[in-house]
Structures are given as C-alpha cells and as structure tokens.
Amino acid sequence: MLKCYFRIFALTAGAFFLGSLAANMNMFEGWPSIFDGLTAGALFGVAAAAVLGTLHAGRARAVAGDRAKGDIYSLYQAREAALAVPYDRAFHAVAHYISEVARYRVLGSDPVAGLIEARVPSGPLGLSGSRFSASVRRDGEGSVVTLRAEPALWPGLVDYGRNLKAVLDAEAYLTSAGRA
C-alpha cells in the first residue's frame, strides 16, 4: 500500500514542481524560485497522495473482500486459475467470458498460442481504461489460465480497484462449477 502512496506522491509532486518551475522561468530568481517550486510540489504531492491513495485503497479493499491475495493495491494485477478441463475448452471459456460476459473489446486472439488480449474501456468517452490479457497453457489433463490487467495509459495513478475487479471476476467465472 505504501508503494501506491509513494507513486502518487512522486508523480504529482514532480509534475507540480515542473509546472511551477516553468511558470517562473520568465522571472527566474535563482535558488529561491527552485526551493519555492520544490516546497509547493511536495505539499501538493502529499495532499494528492493522501486523498487519492486513501480513496484507491478503500475501493481496492472493498473489491477484494474475502478474495484478497497478493498486492490488491497494485495497478498491475495478475491471477492464475487452474481448470480441470482440456486446453481447447479452457480457451473457449476464456474467449466467451472476455467477449460475451464481460463485453471487453477483443484486440487479438490466438488459439494456437493460447493468448487473448482485450481492452476494458472506462473514464470519459472510454479513452482511458485497462488492457486485459489471458494466457492459457496445458497442465497435464487440465489447463492453467493466467489473467492480467494493467492500465492502458502511463502513468496510471489510481484505478480504484478496476483492474483487481477485472481479474477476480474472470477468475471466479472460470473456476465456478460448470463454466469450463
């Protein structure tokens, strides 16, 4: 969770510092101008990290519920689901979930390699969002599905648990009885 707060602080404080420094370039007064920019950037970074980090952490905890394992606060989520079905059937179940159940926009699908990539639109006009990918591989009689979700645009400050929800919902769908 501290990584989440530090990431928000570093990105917002740095951007605010550079913005205030650029605004003062025409009347540059030397070191006092730089120290004022650093102070303002640090204060803004602390405030932004406190507000955005707390909102993100609370929403991620609510999304995870009792299924919390791994780093639930990270923007980059990955889960593995072991399925007791053959490779072809597992790939079909993943493809069905992504395109029909979750209604993500499929960017690419390769049944031979076992990869599916999709886009999860969100935000105003669906411009931001997440990339969702699934990888299916054989595991004896069954198969293993690796689910990944990450921000589509860098730098993603917070996602309020959207990527965690995407992988947890996919994992729950695939491992539920009778789905695969």
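Which one of the conditions (1) part of a loop (DSSP other than H, G, I, E, B); (2) in contact with a helix residue (DSSP H, G or I) (Cβ under 8 Å, 6 or more places away or on another chain) does SER109 fail to meet, given that it meets all the rest?
Going through (1) part of a loop (DSSP other than H, G, I, E, B); (2) in contact with a helix residue (DSSP H, G or I) (Cβ under 8 Å, 6 or more places away or on another chain) one by one, SER109 breaks only (1).
Only residues that are more than 16 Å from LEU157 (Cβ to Cβ) and at pLDDT 80 or above: list them for region 24-55, please.
If the condition is that a residue be more than 16 Å from LEU157 (Cβ to Cβ) and at pLDDT 80 or above, then PHE35, ASP36, GLY37, LEU38, THR39, ALA40, ALA42, LEU43 are the ones that fit.
Does THR39 qualify as being of a type in the set (S, T, N, Q), part of a helix (DSSP H, G or I) and within 29 Å of GLY129 (Cβ to Cβ)?
No: the conditions fail for THR39.
Can you confirm whether GLY108 is at pLDDT below 90, over 15 Å from the mean Cα position of the chain (by Cα) and surrounded by fewer than 17 Cβ atoms within 10 Å (Cβ to Cβ)?
no
Do the conditions hold for ALA13, that is, is it within 30 Å of ARG137 (Cβ to Cβ), touching a residue at least 24 places away in the same chain (Cβ under 8 Å), out of contact with any Pro (no Cβ under 9 Å at 6 or more places or on another chain) and in a helix (DSSP H, G or I)?
no
Let's see how each residue does on (1) on the phi > 0 side of the Ramachandran plot; (2) out of contact with any Pro (no Cβ under 6 Å at 6 or more places or on another chain); (3) at pLDDT 90 or above:
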| residue | (1), (2), (3) |
| --- | --- |
| GLY19 | no, yes, no |
| ALA22 | no, yes, no |
| PHE91 | no, no, yes |
| ALA95 | no, yes, yes |
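If you take the residues of region 130-180 that are assigned to a strand (DSSP E or B) and surrounded by 22 or more Cβ atoms within 10 Å (Cβ to Cβ), which of them is modelled with the lowest pLDDT?
Across region 130-180, the extreme among qualifying residues is SER130.
For region 29-72, which positions are more than 26 Å from PHE17 (Cα to Cα) and either surrounded by 15 or more Cβ atoms within 10 Å (Cβ to Cβ) or among the hydroxyl-bearing types (Ser, Thr, Tyr) (or both)?
Answer for region 29-72, where residues must be more than 26 Å from PHE17 (Cα to Cα) and either surrounded by 15 or more Cβ atoms within 10 Å (Cβ to Cβ) or among the hydroxyl-bearing types (Ser, Thr, Tyr) (or both): ARG59, ALA60, ARG61, VAL63, ALA64, ASP71, ILE72.
Condition check: loosely packed, with under 15 Cβ neighbours inside 10 Å and touching a strand residue (DSSP E or B) at 6+ places or on another chain (Cβ under 9 Å). Does ALA82 satisfy that?
The answer is yes for ALA82.
Please verify whether LEU11 is modelled with pLDDT of 75 or more, within 29 Å of the chain's Cα centre (by Cα) and surrounded by fewer than 14 Cβ atoms within 10 Å (Cβ to Cβ), treating the condition exactly as stated.
When the stated conditions are applied, LEU11 does not pass them.
Taking only pairs six or more apart or across chains, which ones have beta-carbon atoms under 9 Å, a first residue in region 36-53 that is in the same structural domain as ASP159 (by TED's automatic domain parsing) and among the small types (Gly, Ala, Ser), and a second residue that is in a helix (DSSP H, G or I) and surrounded by 15 or more Cβ atoms within 10 Å (Cβ to Cβ)?
Qualifying pairs under 9 Å: none.
Of the residues ALA90, ALA78, which single one is touching a residue at least 12 places away in the same chain (Cβ under 8 Å) and either acidic (Asp, Glu) or part of a helix (DSSP H, G or I) (or both)?
The match here is ALA90.
The values are calculated or read from the model by the stated rules, or taken from the named source; none is laboratory data. Model, not experiment: these values are computed from the prediction. For neighbour counting, all protein chains shown are included, and Cβ atoms are generated from backbone atoms with ideal geometry for every residue, glycine included.
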